[in-house]
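Heads up: the structure comes next, in C-alpha cells.
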Amino acid sequence: MGRIVHPKSAGARRPWWRSLIAARLPLVLALLGFTFLAYVATNDQHQLPRVHTGGGSSSKIVFRKAGCDIKGNINERGEHIYHMPGQEYYLATRVNSARGERWFCSQ
C-alpha cells in the first residue's frame, strides 16, 4: 500500500519568503551592528544649524526679565498695544526692539 499522509503535513510548505529571511537576516543584522558602532565611534557633537530670523542689522535682540511676560508692541496703525499671557494673539506676537517694542512687568 502507500505511505500514510497526515492532513496537517500535506499542505504545510514553508512560504517562499521564509527562506529569504533566513538567508539574509544575519547579513542585515551585521550591517545594522556595524552602522551603529560606526555612528557611536565618531562621537561628534552635531549641532543644529543656526537660522537668521532678524529683520536686518537694525533688529536688536530683546532679553526679558523673569516675570515680565507682557508683550508691548506697535500695530500697523502705529498704536501702542500690549498682549498678556493667555490672550488670543499673545503667542503670535513678536517683540522687536528696533520698532520701539518691549516687555513689561505690569499693566
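Quick notes on this structure:
- Evaluation of residue 24 against (1) at pLDDT 80 or above; (2) under 30 Å from residue 100 (Cβ atoms); (3) charged (D, E, K, R) (one fails), failing number: (2)
- Single unsatisfied condition, residue 84 versus (1) modelled with pLDDT under 85; (2) surrounded by 11 or more Cβ atoms within 10 Å (Cβ to Cβ): (1)
- Residue in the stretch 71-79 that is among the basic types (Lys, Arg), outside any helix (DSSP H, G or I), modelled with pLDDT under 70 and under 29 Å from the mean Cα position of the chain (by Cα) present: no
- Note on the stretch 83-107: residues that are in contact with a Phe, Trp or Tyr (Cβ under 9 Å, 6 or more places away or on another chain) and not in a loop (DSSP other than H, G, I, E, B) amount to 3.
The values are calculated or read from the model by the stated rules, or taken from the named source; none is laboratory data. Everything numeric here is computed off the predicted structure, so don't read it as measured data. Positions of Cβ are generated from backbone atoms using ideal geometry, with glycine treated the same way; all protein chains shown enter the neighbour counts.
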